[in-house]
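Asker: Please read through the structure below; I'll follow up with questions.
The values are calculated or read from the model by the stated rules, or taken from the named source; none is laboratory data. Keep in mind that this is a model prediction, so the values were computed, not measured. Using ideal geometry, Cβ is built from the backbone for each residue, glycine included, and neighbour counts are taken over all protein chains shown.
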Amino acid sequence: MKKLLTLVALTAITLGSFAQDVNKMIKQDDVERIIKTLSADDMQGRATFTPGIEKAAQFIESEYKKIGLQPMEGNAGYRQNFTMVKKTPTKAEISINGTPVPLENIAIQGSESFSWNKLEDAEIVKVTPDKDLRKVYMSVLQSGKNTLVLIDPKFSDLFKRVRGRAAGGSVSFKDNQTKKPALAFVLGTFDDVKSLTVNYEVSSMELPLFNIAGIIPGKTKPNEYVVFSGHYDHLGIVTPVKGDSIANGADDDASGTTAVISLARYYKKLNNNARTLVFVAFTAEEIGEFGSQYFAKTVDPDKVVAMFNIEMIGKASKFGQNAAFITGFERSDFGKILQKNLEGTAFKFYPDPYPDQDLFYRSDNASLAEVGVPAHTISTDQIDIDKLYHTVGDEFSTLDVGNITSTIRAIALSSRTIVAGTDTPTRVPKLKR
């Protein structure tokens, strides 16, 4: 019993010293400086393919350089460059029963220009007031068929979101130009469709994208990787609300990117990591998680032992202060390892309380989780009631910097045995397609 009490006391002392170190090394003032910079108006909301995201990339690169990170193998600098093909609609016309549909009631998604001139050119689906538009939308996306979707005016608010997504066109990897089914959405009431014409034209342009990635090579297990990630893109300039048109993305996801930079500085100062640590700020999460998809092609998933993806930690979670949740908690023992490493502290990790939101496959962890990596997202966002999500209201002034700092410190403490090579999370079941 005496030996056991001594061991417990020593463990408490050791954990206490770790906590004191992390509090000194991850400073709230520095966290505030980084997130303020990334979410400032001069970043213009960091939309993909804009000067704002270039400015954000340069800032992150400068932070990596000051920290002393090395580029990933095969990269001359911190940028992981790749090319996307952006297709932008230039013409969208629909007539039903010989009557043109007003432009504001049209949304068309297609990877190529096309025309429909007869009913047989597309399946017709009606979304009546008793149906679930979200489920119908997902169903037609996955059907693989050209489809005309007639949407009851009851869903006018949701239709605006569909229309907004369609107006942005499509983005795809340059080496993956497979033709996708065409989808046309029309808001209105139609008893019987007797004739149909649809004309859709797009222009194509090749554009550059880039993740920002740096590493700290492992001391004893350099071929085993631990990834810390967040996405640095957001929505950019949007429809003005009370004169404000910049969707700053302070919580989504300047907070996560701030965590990545802060953790990189912390582990570089410690300089005792057994495994190689990869710190990556992903691009293009908001338009399809393309940055993380590209990253997943550049690493051997069997060598990645864990991924800490950090998304929206700007405010207290539904569990209160000193708490965050982990998506896919039940899919591996990643969360249990983190919680074990936090015993004796005030912080606690919980399973994802929003299973209906399917958050595990809605962030950048998905690209590696799909191939078996224990890749999980850590968040504090109350997504079910967050009225600032994807709005111009997501600004620095709405954040709790103390919450961000405590969450980053908790991630630093909870990751230490994985970084040290003494804990290896179980693999996530691969996604079956």
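Asker: With the requirement that a residue be buried (at least 22 other Cβ atoms within 10 Å of the Cβ) and under 22 Å from A296 (Cβ atoms), what does region 367-380 give you? Break it down into steps so the answer makes sense when it comes.
Answerer: If we filter region 367-380 for residues that are buried (at least 22 other Cβ atoms within 10 Å of the Cβ), which is where we start, we get 367-369, 373-380.
S367, L368, A369, V373, P374, A375, H376, T377, I378, S379, listed by residue number.
Asker: Another question, then. Is there any pair linking a residue in region 93-107 that is farther than 19 Å from R165 by Cβ to one that is of a type in the set (K, R) and in a loop (DSSP other than H, G, I, E, B), with Cβ under 9 Å and at least six apart or on different chains, and which?
Answerer: Close Cβ pairs satisfying both conditions: I96/K194; N97/K194; G98/K194.
Asker: What strands (runs of 3 or more DSSP E), lying completely within region 158-218, carry at least 3 residues that are more than 25 Å from the chain's Cα centre (by Cα) and either modelled with pLDDT of 95 or more or surrounded by 14 or more Cβ atoms within 10 Å (Cβ to Cβ) (or both)? Can you show your working first?
Answerer: Values: elements: 170-173, 183-187, 196-216.
Qualifying strands (runs of 3 or more DSSP E): 183-187, 196-216.
Asker: Another question, if that's okay. For S143, indicate whether it is polar (S, T, N, Q), crowded, with 16+ Cβ neighbours inside 10 Å and within 33 Å of the chain's Cα centre (by Cα).
Answerer: On the way: polar (S, T, N, Q): yes; crowded, with 16+ Cβ neighbours inside 10 Å: no; within 33 Å of the chain's Cα centre (by Cα): yes.
No; evaluated as a whole, the condition is false for this residue.
Asker: Right, next: Restricting attention to region 112-165, report how many residues are in contact (Cβ under 8 Å) with a residue 60 or more places away in the chain, closer than 27 Å to S204 by Cα and touching a strand residue (DSSP E or B) at 6+ places or on another chain (Cβ under 6 Å).
Answerer: 6
Asker: Taking the stated definitions as given, is D386 closer than 30 Å to P240 by Cα, assigned to a loop (DSSP other than H, G, I, E, B) and out of contact with any strand residue (DSSP E or B) (no Cβ under 6 Å at 6 or more places or on another chain)? Explain how you work it out, then say what you get.
Answerer: Values: closer than 30 Å to P240 by Cα: yes; assigned to a loop (DSSP other than H, G, I, E, B): yes; out of contact with any strand residue (DSSP E or B) (no Cβ under 6 Å at 6 or more places or on another chain): yes.
Criteria met by D386.
Asker: If you take the residues in region 285-336 that are of a type in the set (A, V, I, L, M, F, W, C) and either without any contact (Cβ under 8 Å) to a residue 24 or more places away in the chain or in a helix (DSSP H, G or I) (or both), which one is nearest to Y354 (Cα to Cα)?
Answerer: Here is the first cut: in region 285-336, the residues of a type in the set (A, V, I, L, M, F, W, C) are 287, 290, 295-296, 299, 304-308, 310, 312-313, 316, 319, 323-326, 329, 334.
Now narrow it down to the ones that are either without any contact (Cβ under 8 Å) to a residue 24 or more places away in the chain or in a helix (DSSP H, G or I) (or both): 290, 295-296, 329, 334.
Working: F290: 24, F295: 27, A296: 26, F329: 12, F334: 18 Å.
For region 285-336, the residue satisfying everything is F329.
Asker: If you don't mind, there's one more thing I want to ask. Take region 337-348 and flag every residue that is in contact (Cβ under 8 Å) with a residue 60 or more places away in the chain and hydrophobic (A, V, I, L, M, F, W, C).
Answerer: I337, L338, L342, F347
Asker: Could you tell me which of the residues E311, E224, E330 is assigned by TED's automatic domain parsing to the domain that holds L38, of a type outside the set (G, A, S) and buried (at least 24 other Cβ atoms within 10 Å of the Cβ)? It would help to see each step written out before you state the result.
Answerer: Numbers: E224 fails: buried (at least 24 other Cβ atoms within 10 Å of the Cβ); E330 fails: buried (at least 24 other Cβ atoms within 10 Å of the Cβ).
So the residue among E311, E224, E330 that is assigned by TED's automatic domain parsing to the domain that holds L38, of a type outside the set (G, A, S) and buried (at least 24 other Cβ atoms within 10 Å of the Cβ) is E311.
Asker: So, one more: Please count how many residues of region 348-364 are surrounded by fewer than 20 Cβ atoms within 10 Å (Cβ to Cβ) and not in a strand (DSSP E or B).
Answerer: Our first condition is that a residue be surrounded by fewer than 20 Cβ atoms within 10 Å (Cβ to Cβ); within region 348-364, this holds for 348, 350-351, 353-358, 361-362.
Checking which are not in a strand (DSSP E or B) leaves us with 353-358, 361-362.
Final tally of qualifying residues: 8.
Asker: Since W116 meets every condition but one in (1) over 30 Å from K65 (Cα atoms); (2) touching an Asp or Glu at 6+ places or on another chain (Cβ under 6 Å); (3) surrounded by 14 or more Cβ atoms within 10 Å (Cβ to Cβ); (4) not acidic (D, E), which condition does it not meet?
Answerer: Of the numbered conditions (1) over 30 Å from K65 (Cα atoms); (2) touching an Asp or Glu at 6+ places or on another chain (Cβ under 6 Å); (3) surrounded by 14 or more Cβ atoms within 10 Å (Cβ to Cβ); (4) not acidic (D, E), the odd one out for W116 is (2).
Asker: When I418 is evaluated against the numbered criteria (1) part of a loop (DSSP other than H, G, I, E, B); (2) crowded, with 19+ Cβ neighbours inside 10 Å, which criterion, by number, is the only one it fails?
Answerer: (1)
Asker: Now, a different point. Just to check your reading of the model, which residue among G344, G288 is within 16 Å of A412 (Cα to Cα), surrounded by fewer than 24 Cβ atoms within 10 Å (Cβ to Cβ) and at pLDDT below 95?
Answerer: Values: G288 fails: within 16 Å of A412 (Cα to Cα).
Result of the check over G344, G288: G344.
Asker: Which one of the conditions (1) within 23 Å of S143 (Cα to Cα); (2) out of contact with any helix residue (DSSP H, G or I) (no Cβ under 8 Å at 6 or more places or on another chain); (3) of a type in the set (A, V, I, L, M) does M205 fail to meet, given that it meets all the rest?
Answerer: Only one criterion is unmet by M205, namely (1).
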